[in-house]
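Each remark here refers to the structure printed beneath this line.
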Amino acid sequence: MNDSSANRSAIDRHDIAARLARVHERMRTAAERHGRDIGDIALVAVSKTKPAALVEAALAAGQRDFGENYLQDALAKIEALATHDPIWHFIGDIQSNKTRDIAARFAWVHAVDRYKIARRLSDQRPEDMPPLNLCIQINIDDEQSKAGIAATDAPELAEQIAQLPGVRLRGLMSIPAYSDDPDAQRRPFAALRGLMEQLNDRGHTLDTLSMGMSADLEAAIAEGATHVRVGTDIFGARD
Ligand SMILES: *Cc1c(COP(=O)(O)O)cnc(C)c1O
């Protein structure tokens, strides 16, 4: 939903099911328009800064995948909601002193842009857990201030990460520069898809494009997104 006046006020837990349903409807419409199977597109509900009660309401409405950016905030929710067995995705920047908890508590990490971080996650992944699913963050528009590596550096990093036993390189993630023009939104997503195809031509078996948020999920689905990361349109605006 793009009703920013509704987004500005706090979201009640009773609103969550309807807001999730609207996001699913947008995803379904975009998938149909572009000949995609909706079963190939996962919704990661981005619950950063939002209380566990709202996440619990989303779980009750059938949502399984949740994205978090801040480790301390996430750990409290992971603890509180453990019995519901959600799938946790770490989607924020990672400092090296946080890798141990991330490796132990999350199923996915979306924003790796350094070998050192990937190696620590691999080393610290508990042995009784399956390999940690990992995406490389690409600075697809080459913006100065942005996290992520340049597309030209992706082959080397992918090669290095693919050797690590505790992680499984699944694909690429990006947060393009904001645009409200649908055609302009598609360009960086198409570039990310092209980069994944290039890496697969070199022998990788990547199957994940983590791209698209509240404002541009349709454009991302048009270009092959397998994971859209939606916060505001589910849980309301953040402070
Ligand atoms: C906050 C965040 C999102 C969600 O953005 P919305 O615009 O609120 O949907 C998605 N991906 C990342 C990496 C984020 O940090």
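One table, with the values for the structure above:
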quantity	calculated
Selection status of Asp153, out of contact with any strand residue (DSSP E or B) (no Cβ under 8 Å at 6 or more places or on another chain) and outside any helix (DSSP H, G or I)	no
Residue in the stretch 91-103 that is within 13 Å of the ligand (Cβ to nearest atom), small (Gly, Ala, Ser) and more than 14 Å from Cys135 (Cβ to Cβ) present	no
The stretch 14-54, subset crowded, with 17+ Cβ neighbours inside 10 Å and in contact with a Lys or Arg (Cβ under 6 Å, 6 or more places away or on another chain), residue farthest from Val109 (Cα to Cα)	Leu54
Filter pass, Ile161 being touching a residue at least 40 places away in the same chain (Cβ under 8 Å) and among the β-branched types (Val, Ile, Thr)	yes
Hey, Asp183 under 20 Å from Gly212 (Cα atoms) and away from the ligand (no atom under 16 Å from the Cβ) or not	yes
Residue match in the stretch 111-126 (condition: of a type in the set (Val, Ile, Thr) and touching a residue at least 40 places away in the same chain (Cβ under 8 Å))	yes
Residue in the stretch 224-239 that is farthest from Ala31 (Cα to Cα), counting only those that are crowded, with 23+ Cβ neighbours inside 10 Å and more than 9 Å from the ligand (Cβ to nearest atom)	His227
So Ile149, is it among the β-branched types (Val, Ile, Thr) and more than 15 Å from Asp216 (Cα to Cα)	yes
Residue identified as more than 14 Å from the ligand (Cβ to nearest atom), surrounded by 15 or more Cβ atoms within 10 Å (Cβ to Cβ) and at pLDDT 95 or above among Gly148, Gly166, Gly203	Gly166
Condition met for Ile11 (within 16 Å of the ligand (Cβ to nearest atom), modelled with pLDDT under 95 and surrounded by 13 or more Cβ atoms within 10 Å (Cβ to Cβ))	yes
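Yes/no matrix, rows are residues, columns are (1) under 14 Å from Ile140 (Cβ atoms); (2) touching a helix residue (DSSP H, G or I) at 6+ places or on another chain (Cβ under 7 Å); (3) in contact (Cβ under 8 Å) with a residue 24 or more places away in the chain:
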residue	(1), (2), (3)
Leu195	yes, yes, yes
Met211	yes, yes, yes
Ala222	no, yes, yes
His227	no, no, yes
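For every residue, the table says whether it meets (1) in contact (Cβ under 8 Å) with a residue 40 or more places away in the chain; (2) in contact with a Cys (Cβ under 7 Å, 6 or more places away or on another chain); (3) among the β-branched types (Val, Ile, Thr).
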| residue | (1), (2), (3) |
| --- | --- |
| Asp37 | no, no, no |
| Thr49 | yes, no, yes |
| Ala53 | yes, no, no |
| Leu59 | no, no, no |
| Gly67 | yes, no, no |
| Asp73 | no, no, no |
| Ala80 | no, no, no |
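The values are calculated or read from the model by the stated rules, or taken from the named source; none is laboratory data. None of the values given here were measured: they were computed from a predicted structure. Note: ideal-geometry Cβ built from the backbone for every residue, glycine included; neighbour counts use all protein chains shown.
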